[in-house]
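No lab work stands behind these numbers, since they all come straight from the coordinates. No experiment lies behind these values; they were computed from the predicted model shown. With ideal geometry, Cβ positions are generated from the backbone for all residues, glycine too; neighbour counts draw on all protein chains shown.
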Amino acid sequence: MSAFSPQARWRVKSLLFCHVAALVLMASWVWAPGRAVWDAMDAAVFHLLNGSLGHLALWDWLWALTSTRVFDILVGAVLLVLLIHTGAVFDERQVRPALFTFLALLSVLLVIRVLFDRMAVPMGWQHVSPSLAFEDAYHLSDHFPLLERVFELKDRSRRSFPGDHASVLLLWGLFMALFTQGRWRALVLGLATLFMLPRLVAGAHWLSDDLVGGLVIAVLALGWGYCTPLGSQIARLLAFLAQPFLYLGAQLPWLRRLALFRQPPL
């Protein structure tokens with residue numbers, strides 16, 4: 001486990017690496033020969049994963065339930081617990097600054113996502129989900145109408161690039177991987193990958209939506225949010241704004257046991 005401290009200085013080499021990595025990823029997808037490879041992988045992965053549906057009821061129910069908004073909330077809870085649980089990745093003194101730093105990274109990701117979206121349409125990068133591109137696609141929303149009406153199944157989109165859901169998961173995985181080693185690093189990266197699967201199985205996203213679009217946004221957000229003082233400054237602002245809630249939590253017996261509510265402000 002690596003020590004965590006809020007990033008308050010420029011890491012030019014790391015920031016440059018993030019930009020080069022993002023550029024190489026995008027170039028591999030935009031460049032015609034590379035795009036042909038990505039398109040082939042996209043189609044193969046879609047038919048492999050989505051093609052597994054429609055044969056076993058329990059299997060279909062699994063992916064239908066994990067493709068709902070409610071499951072997204074449960075995933076968010078799991079990610080939060082691993083982030084703030086003392087000893088999982090961060091020790092007692094690191095939990096609060098780590099949480100607000102990650103929230104700062106999410107803020108940076110949101111800005112980058114908006115800017116990226118403004119480029120995607122005029123550049124011709126936008127496309128429909130594979131579930132809308134292939135006539136033989138298995139649509140979970142058609143076979144589970146009650147789940148679709150009540151919880152909204154995410155199995156199709158007219159604008160699937162980049163993978164927003166994947167960008168958040170990948171940002172969490174990359175951030176946590178910076179401070180873990182061995183099995184813990186494998187665990188956090190494995191969880192990020194596992195939680196991306198429902199959208200791929202349901203056909204809401206192509207593989208490249210996640211591994212190109214989502215990863216590019218996550219890498220850039222990590223670069224600007226943790227390789228510059230920006231993330232630290234946003235984290236301090238968020239911690240200041242959260243003081244009333246942290247004080248309230250510290251007064252409640254079932255919350256004040258958590259390190260998050262026992263630590264001094266950033």
Can you report the principal axis dimensions of the chain using only the alpha carbons, biggest first, rounded to whole angstrom? 57, 42, 34
What 222 nm value per residue comes from the helices of the chain, counting each DSSP H run with n ≥ 4 as -39,500 (n - 2.57) and dividing by all residues, nearest 500 deg cm²/dmol? -20500 deg cm²/dmol
Quick one: putting +1 on the C-beta of Lys and Arg, -1 on the C-beta of Asp and Glu, what dipole do you get for the range 150-200 around its Cα centre, in Debye to the nearest 20? 100
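The range 225-266: which chymotrypsin sites (Phe, Trp or Tyr not before Pro) are DSSP loop and have at most 12 other beta-carbon atoms within 10 angstrom?
Passing both the DSSP loop test and the Cβ count: W254.
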Please give the charge dipole size of the chain, origin at the Cα centre, charges +1 on K and R Cβ atoms and -1 on D and E Cβ atoms. Round to the nearest 20 debye. 1260
Nearest-0.05 FRET efficiency for T86 and L248, computed from C-beta distance (R0 22 Å): 0.60
With the dipole of the chain defined by +1 on each Lys or Arg Cβ and -1 on each Asp or Glu Cβ, the option from L115, T66, A242 whose Cα lies farthest towards the positive pole is A242
Among S157, S67, which comes first, then next, by fewest other beta-carbon atoms within 10 Å? S157, S67
Cβ-derived FRET efficiency at R0 41 Å, W61 paired with R257, nearest 0.05: 0.65
Calculated FRET value between A77 and W31, using beta carbons and R₀ = 41 Å, to 0.05: 0.55
With Cα springs under 10 Å, the Gaussian network model of the chain assigns the largest mean-square fluctuation among Q251, Q126, Q94 to Q251
Apply the Karplus parameterisation 6.51 cos²θ - 1.76 cosθ + 1.60, with θ equal to phi minus 60°, to every residue of the range 127-143 and state each ³J(HN,Hα) to the nearest whole Hz, in sequence, with x for glycine and proline. 7, 8, 5, x, 5, 9, 8, 10, 5, 8, 5, 9, 8, 4, 5, 6, 8
Low-density loop positions, GluC sites (Glu not before Pro), the range 98-198 - DSSP coil, at most 10 other Cβ in 10 Å: E135
